[in-house]
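The values are calculated or read from the model by the stated rules, or taken from the named source; none is laboratory data. Please read all numbers here as calculations on a predicted model, not as lab measurements. Here Cβ is always computed from backbone atoms with ideal geometry, including for glycine, and neighbour counts include all displayed protein chains. Keep in mind that these areas ignore ligands, DNA and RNA; they rest on the heavy atoms of the full protein, side chains included. Shrake-Rupley method; radii C 1.70, N 1.55, O 1.52, S 1.80 Å.
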There are 2 protein chains.
Amino acid sequence: MNVDWGQVAEAFARVLEPRRVVRRREELLVYECDGLTAYRQRPPLVVLPKTTEEVQAAIHICRQYGIPFVPRGAGTGLSGGALPEENAVLIVTALMRQILQVDIPNRRVVVQPGVINSWVTQAVSPWGFYYAPDPSSQTVCSVGGNVAENSGGVHCLKYGVTTNHVLGLKLVTALGEVVDLGGWVPEMPGYDLTGVVVGSEGTLGIVTEITLNILKVPECVQVLCADFTTIAQAGAAVSAIIAAGIIPGGMEIMDNLSINAVEQVVATGCYPRDAGAVLLVELDGSPAEVDEAMTQVQQICREQGARSLQVAKDPQERQRLWQGRKAAFAAMGKISRNYYVQDGVVPRSRLPWILQEIERLSRQSGYRIANVFHAGDGNLHPLILYDGTVPGAIEEVEHLGGEILKLCIQAGGSISGEHGIGAEKRCYMSELFSPEDLETMQQLRRAFDPDHLANPTKVFPTPRTCGERTWAAQQFPNVPVF
Amino acid sequence: MNVDWGQVAEAFARVLEPRRVVRRREELLVYECDGLTAYRQRPPLVVLPKTTEEVQAAIHICRQYGIPFVPRGAGTGLSGGALPEENAVLIVTALMRQILQVDIPNRRVVVQPGVINSWVTQAVSPWGFYYAPDPSSQTVCSVGGNVAENSGGVHCLKYGVTTNHVLGLKLVTALGEVVDLGGWVPEMPGYDLTGVVVGSEGTLGIVTEITLNILKVPECVQVLCADFTTIAQAGAAVSAIIAAGIIPGGMEIMDNLSINAVEQVVATGCYPRDAGAVLLVELDGSPAEVDEAMTQVQQICREQGARSLQVAKDPQERQRLWQGRKAAFAAMGKISRNYYVQDGVVPRSRLPWILQEIERLSRQSGYRIANVFHAGDGNLHPLILYDGTVPGAIEEVEHLGGEILKLCIQAGGSISGEHGIGAEKRCYMSELFSPEDLETMQQLRRAFDPDHLANPTKVFPTPRTCGERTWAAQQFPNVPVF
């Protein structure tokens with residue numbers, strides 16, 4: 001492709017303020033990667049619209065010149081969804097940060113995509129409400145990016161991920177049309193296009209307004225930290241809690257390696273360093289409900305062999321228990337030069353099996369793998385520790401990550417719980433979906449983007465980059481069936 | 001269209017058992033309408049496949065002859081989604097009634113589309129689980145139809161409608177391809193095509209397997225029946241209960257006209273005949289939680305002027321309180337020769353306004369309108385009472401129903417909460433959605449069904465049948481915004 005980028009930049013400068021059209025090499029640096037820093041590409045041009053009209057104008061210019069575009073939110077994504085392309089404009093929504101409406105009686109907030117996740121809760125907390133999806137990056141990631149990746153968080157076990165909290169969207173399609181999807185009430189007739197766009201990773205267009213559902217802050221919250229000799233015991237406790245009909249707000253497991261990394265960095269003092277695993281269980285609701293459930297949860301943990309139990313009842317204690325979990329990824333830097341975080345899902349009943357398999361892969365490969373995960377959802381975050389200065393290490397680690405994903409598929413699970421597919425995992429899509437399933441998705445994509453301009457190299461595999469892969473028709477061989 | 005139906009029937013008889021290819025006039029009678037009995041059309045041919053392969057073969061035959069098809073489940077739909085067409089094959093899934101898998105540890109059930117809604121709960125109740133969406137017709141309606149219409153029910157306030165409980169689908173597309181959508185874990189990468197197909201009313205293809213999520217039966221359930229002098233008081237109680245952070249399992253209002261119809265038919269003895277409205281509130285959870293919330297709800301009802309409060313704590317009493325609500329539609333037959341049920345949604349805060357407006361329409365038109373509704377969701381079911389033997393009555397009643405839908409749109413709501421659009425309401429779609437929004441849906445439809453064979457005359461408006469309508473760009477003029 002032979003593009004006169006000077007000419008294109010001038011076209012953008014006619015519809016945006018010139019300082020929101022970025023071409024200088026040093027200014028482009030910051031846009032070279034998102035949270036998946038192992039993948040880098042300098043974009044030829046970055047534009048920062050502020051309104052729906054400006055986004056529409058930007059897409060029209062791309063169409064006019066036949067140039068693809070890559071949408072980017074706050075750039076905190078972990079699967080390279082916002083990784084630039086050599087010949088594509090990067091359209092950044094970070095300056096679209098207005099909270100447009102707060103409608104407390106109907107529990108809705110309308111925001112622009114650049115609004116930071118935690119701002120939503122701040123805006124509605126005076127009335128006792130909050131916005132539920134809480135990625136660990138929630139103080140820096142944007143709602144637009146959350147919508148693109150269908151982000152989750154530690155409290156998504158009970159309350160669901162982003163798609164469960166989006167009522168409606170304004171979208172500029174890849175064809176440059178402005179459409180309103182969904183509405184102000186939860187279920188709308190016609191096709192659920194809101195649900196399609198949430199999690200579409202910028203491949204259908206750019207979202208410019210988002211109507212979010214907000215929830216009442218629970219009257220009472222308690223957090224339990226239980227430590228176990230083995231991770232298997234912690235896993236059994238998770239199953240038993242769910243089996244008892246209790247749905248905690250969040251339920252997280254950290255293994256010994258993670259505990260030690262965390263205690264070395266943030267020194268919470270909460271997690272015993274010799275524990276095989278700690279289990280964090282957050283319960284919310286009315287005081288009576290929480291007290292009753294907490295008694296049951298403690299009983300279950302003891303039955304499953306918990307060595308000690310700590311219950312935090314005030315916000316400070318709760319924060320201390322959660323602090324280590326929230327810092328877990330960052331803490332890996334203390335015990336390893338580099339780490340690679342994977343994001344896979346298995347049906348909850350397959351957790352013990354997959355943890356054993358990951359341990360086997362770790363032994364065989366010689367790489368340490370830390371496990372920090374949303375246990376209640378079966379959403380794993382294995383962290384593979386490596387030294388990026390060793391030649392060939394990154395390739396080996398990526399291969400190892402791929403092996404873990406294949407195991408997730410084998411267990412009837414998925415290759416992404418909340419981080420998306422992006423640039424990183426698209427080659428594994430053809431192991432999860434049949435050629436017909438993928439072709440059906442492409443049909444939908446072509447309906448929105450016939451010219452293939454919207455984030456064209458993400459999410460879906462191509463034979464050129466991924467080679468030919470065989471899809472195993474029988475996907476659920478190991479799932480127990482009654 | 002000139003079709004040799006004898007020849008087409010022979011083609012079907014080669015892939016299905018001949019007795020599952022129906023052509024005899026008297027046997028076709030039963031398929032002339034669904035639950036919307038005001039609309040009738042005898043189909044030229046009815047086929048009843050039993051497997052995915054047979055559905056695929058049936059669609060291939062339709063494609064071969066260029067004949068459209070209309071899918072039908074149990075035929076209980078209320079918007080004419082399964083209304084036959086003069087030149088289309090009716091493909092009925094009623095014989096596809098196998099429960100394929102029950103997977104208790106992962107809380108999933110896989111069923112064929114003809115399985116009756118209540119069978120799912122029956123299948124899992126030995127383990128203490130149930131399937132949440134509960135249309136009033138749940139003992140006769142099928143899961144396939146529920147998926148097509150994205151059905152709700154009285155317990156959908158807390159637990160959501162069908163789409164919130166479907167993990168995955170096997171679909172034979174209108175192109176005759178078999179695809180697997182979604183999976184065995186709640187969030188899958190790629191586009192959420194499961195969400196698109198749920199509620200698509202048979203316009204994309206025919207679903208042949210459905211993976212459902214099941215829930216643990218709550219430990220404790222209590223139902224409160226409160227009666228009020230005015231419906232406005234009952235509405236205010238609903239708002240206050242939600243504002244207090246309580247989310248009941250269900251929360252229903254019946255007005256005076258409905259109360260009297262019900263008491264005349266089922267004589268529950270629970271609903272005072274002179275009440276302006278009764279409010280039914282079902283709370284579920286742990287005993288402590290339910291007791292606490294029930295105390296609060298009773299307090300709120302008293303503050304809003306409740307005249308009397310009855311609490312049912314055992315299953316028999318509960319059933320008695322619900323019995324009238326579940327029989328409400330049928331009971332209208334006792335006080336009116338015919339009734340027409342409408343299904344609209346408004347943001348909860350607009351309930352008092354819309355009820356006033358419906359009362360105004362009733363006064364102006366001279367038609368009695370009973371209100372029975374899912375108050376917690378803002379989902380109205382106005383029942384317009386009329387005498388079908390009076391010339392012109394049905395047209396007037398349809399017009400009146402349309403006026404109510406327009407008011408719902410004006411309030412920022414929707415024209416269907418749970419009954420779908422079907423044949424009945426498609427002309428109102430262009431008042432809810434802009435031309436661009438509708439065209440985007442058509443793009444998606446064409447991706448699945450380029451030849452426009454799947455239920456072609458449903459859901460979407462056409463200028464020929466609906467004329468030109470003007471879409472009011474400003475949809476939410478009356479919604480209070482803070």
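Structural remarks
- Each residue in the range B:215-229 was checked for being in a loop (DSSP other than H, G, I, E, B) and either within 12 Å of chain A (Cβ to nearest Cβ) or surrounded by 24 or more Cβ atoms within 10 Å (Cβ to Cβ) (or both), and 3 of them qualify.
- Taking the criterion of being at the interface with chain A (Cβ under 10 Å from one of its Cβ atoms) and of a type in the set (Gly, Ala, Ser), the residues of the range B:414-434 that qualify are B:414, B:416, B:417, B:420, B:422, B:434.
- Condition check for residue A:201 on (1) more than 11 Å from chain B (Cβ to nearest Cβ); (2) under 19 Å from the mean Cα position of the chain (by Cα): one failure, at (1).
- Scanning the range B:35-62 for residues that are open to solvent by 20 Å² or more (accessible area, probe 1.4 Å) and within 26 Å of the chain's Cα centre (by Cα) yields B:35, B:37, B:38, B:39, B:40, B:41, B:42, B:50, B:51.
- Flag for residue B:331 being open to solvent by less than 30 Å² (accessible area, probe 1.4 Å), aliphatic (A, V, I, L, M) and in contact with a Gly (Cβ under 9 Å, 6 or more places away or on another chain): yes
- Residue among B:224, B:175, B:204 that is of a type outside the set (S, T, N, Q) and under 30 Å from residue A:418 (Cα atoms): B:204
- The requirement of being among the acidic types (Asp, Glu) and within 14 Å of another protein chain (Cβ to nearest Cβ) is fulfilled nowhere in the range A:385-393; no residue meets it.
- Per-region count, the range A:1-34, residues open to solvent by less than 60 Å² (accessible area, probe 1.4 Å) and of a type in the set (Lys, Arg): 1
- First in the range A:174-188 and under 17 Å from residue A:200 (Cβ atoms), second anywhere and buried (at least 23 other Cβ atoms within 10 Å of the Cβ) and aromatic (Phe, Trp, Tyr), Cβ under 7 Å, 6 or more apart: A:174/A:448
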